[in-house]
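Everything below concerns the one structure shown next.
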């Protein structure tokens, strides 16, 4: 209990010295030793709070919506919720939302990391200004549906002097939007050696490693073999993320490596490994176009199944070794341990099972949205794909639903039991997009895989893609920075400082 | 020897399979399994290079200038050197120069990290394009003055699969610009617990820690005592760096913390601890103005000597405890272990002793510039302060000197023995500047501490300060980003994503 220990130490210190009355004004110049105690008088007051968390809301307080997670689903909900009707508490291990469709661009410096990260406080200012609204940097460790209460533990990574701290939060409404986690299909070594591409720190790690390997391979005495290994970037998984990253990488190689690392430029290569087809959800013609473009820009496409990942090579099911310097893994997502441990009926794929109003039907006042949730089989609906646009639409829908309930007096715990929840959630697919580097992108505007519709490729779709994303970046600050980053990358090239 | 191990593994793999002839063109679509070997044919060739480094330059090559370090001194030299007369090899543990006067601004997000880091390849493109010029991410581990040769070891932090690699570089001219290191005066615990403010990763650590503590202190159940500790930022050392950081911090608190962390805004404080006077090199009136402004913006000034640093408090020599959440240390610099180990006559303060032409007089073709060097007592000159402007002027002077020698045929090792080195290096102090937050800065234009001259304070000097720095940031890209950062900080506030 370091909190307690610190408290005792502090009390002892200040009690020992005896404290003068607080000075009226801070002293304007350096004082003699006694003034130190005066200047530090703010450490003297108050006993330790005994509140172990946030208790149930009282009649004079607003009802409390607790949101777990800060991804597309949670953030859209947080943004749209009516802060006059509710207090919002967001619990997440990161204090920002990641604009995932642009994350691949940050790995090579086309965009900067902060341009794709939006602080929750900017998405919903109430969490930092309203007395009853909070953001907690913590993980939810358990839900007590019966008592309308969750258990949390603070994230203290980076803090040497504080241990994780447990606390409870009572909720009136609970929204689980904690997302999924990268799936490795149990392949040995993948978790240890591969880098995923889901958070900003993953992109930072890829960028640092790539720049390190570029520099290491230039050192005298390194064999050609080892240079090729260090500079071999292997991407496992041919979905939009894998393809976009491969495209960005090959663009980085052709534009920046050739100019800034001309000694080793002939040693760097990109290989994309996929067990089936790349971009399997896209229109056939678009897929062929993507394969042609990627191959043209130097990306090697390998069809294979990875069976083992070692620190410097992957091994395919036919025993082919593929040595690598950087290994990026993007083979899709699966349920997180938190979702696995939740004792509620599950949807196919192990997701939290929800009904047509995104509720967990077996309990009161709990909803689940985004990648962590899926329609129960009893609804007769298919589980929706783990896409940003699904999550965002669900967050938007649920905010509206909760706002309506709140206005009708159903905001409190158990108050909406017999109320009408209104229209069901209906998802309409607006199309898929994937960039493939060098001012080229695919835009598939078909409503589903079987449907017919417009399918674009090339410069026009690159422009649409960039514009579409630019207007979806949430704050004006980040829209501005994304535009500025694109401009400076175009004019000056990408930044190669390894910081 | 992982290089060798990898080589053997790779050779074995590819020898076992037997290699088809390389395909003429990469296949445009996914091929059947045999094509994997084809696609990976680039791993098949070449034996391990036996070259353990760069040997002495030959008659048909340009003479080689080896520069140790990438700070103000080294980078100015690298920028100005005549790449037609010399090949340049830069050896440094970081691949960028840090624009140190603006580093304090990045700790709270007034500026972004990359805006103050300039990649060496942008400062001198020849190191990435000329066949004989290089940048090596490495530390110099020893100098063999007799044989004109240095020993280096690669920096492999972040690379799990490569061990540090040793190599040698022969030089025609050697410039030691490896800088100094933060000095803790042997105070127990300072190295473990304090954060220095000399590299970009220090600023990143401060920013992450500050944001973490702001969030941790908002968690329910944390005592008031512990909140005050977590949010107490203590700065030790009242030189320009400590004062600038304190000023930035109090500006961040008043502008951003009050808005974005209003729940805990009353718990955050800044204390600046200094054993003597703050800004001791500045004009008396300016110093008083600085004290007034800092106090007004809430910085507590404490005169005291730190005798012990623990994980959550510092202890002064009069036994006062000062609990802290973030501890920043900026009490000046001292010689690095590398400089201590160099067997050459030293200047006062343990720096490498140099003569009026910045040479190490006891050996041939070796120069030392920047914070690592100082005039030998025999020159009758004082050791210059460890300032960016001294280092930058020395780099500029030495580049000119070397260019002149190169043109006159004195570029090779031992070729300049009896040549005239021209004018001695003379340092003229152009004045000192320090910002104290909130659009206020001090500009001391006196030539020395005793001289008379213009001394400015307030908004006008803040403007001069900002403009002066803006034009000294080396590339247009970074000038542009610094301006954009200042603009967005002004319009939108600082970014608080903890990434």
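Table for the structure above
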{"quantity": "7 Å along Cα→Cβ, label-point gaps from residue B:317 to other copies, nm, shortest first", "calculated": "7.3"}
{"quantity": "Helix B:2-17 axis, angle to chain B major axis (alpha carbon atoms, nearest 10°)", "calculated": "50 degrees"}
{"quantity": "Within segment B:331-488, percent of DSSP bridges classed antiparallel, to nearest 5", "calculated": "75 percent"}
{"quantity": "Angle in degrees between helix A:459-472 and the longest Cα principal axis of chain A, rounded to the nearest 10", "calculated": "0 degrees"}
{"quantity": "Helical mean residue ellipticity (222 nm; -39500 (n - 2.57) per DSSP H run of 4+; nearest 500) of chain B", "calculated": "-9000 deg cm²/dmol"}
{"quantity": "Principal-axis tilt of helix B:240-252 within chain B, Cα atoms, nearest 10 degrees", "calculated": "70 degrees"}
{"quantity": "Within the protein assembly as shown, percent of DSSP bridges classed antiparallel, to nearest 5", "calculated": "45 percent"}
{"quantity": "Protection proxy ranking, peptides B:387-397, B:446-456, A:423-433, average beta carbon neighbours within 10 Å, highest first", "calculated": "B:387-397, A:423-433, B:446-456"}
{"quantity": "Residue order, fewest to most surrounding Cβ atoms within 10 angstrom, among A:199, A:226, A:343", "calculated": "A:343, A:199, A:226"}
{"quantity": "Chain B, relative contact order in percent, only Cα pairs under 8 angstrom and at least six apart counted", "calculated": "17 percent"}
{"quantity": "Shielding of B:294-305 by partner chains, average beta-carbon count, 10 Å", "calculated": "4"}
{"quantity": "Axis-proximal residue, chain A, for the rotation superposing A on B (Cβ, Å)", "calculated": "A:484, 3"}
{"quantity": "Relative contact order of segment A:69-210, defined on C-alpha pairs under 8 angstrom at six or more residues apart (%)", "calculated": "27 percent"}
{"quantity": "Copy-to-copy label separations for residue A:479, where each label sits 7 Å from Cα toward Cβ, in nm and ascending", "calculated": "3.0"}
{"quantity": "For residue B:84, label point 7 Å along C-beta direction: distances to other copies, nm", "calculated": "7.4"}
{"quantity": "Value of relative contact order over segment A:342-472, rounded to a whole percent, pairs C-alpha under 8 Å and six or more apart", "calculated": "15 percent"}
{"quantity": "Per-residue Cβ neighbour rank within 10 angstrom, fewest leading, B:183, B:461", "calculated": "B:183, B:461"}
{"quantity": "Distance between segment B:289-330 and segment A:233-303 - C-alpha centres, whole angstrom", "calculated": "53 Å"}
{"quantity": "Exposure proxy order (Cβ contacts within 10 Å, fewest to most) of B:333, B:482", "calculated": "B:333, B:482"}
{"quantity": "Antiparallel %, DSSP beta bridges [both residues in chain A], to 5", "calculated": "45 percent"}
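FYI, it's all coordinate maths here, none of it is from the lab. None of the values given here were measured: they were computed from a predicted structure. A quick note on method: Cβ atoms are made from the backbone with ideal geometry, for glycine too, and the neighbour counts reach across all protein chains shown.
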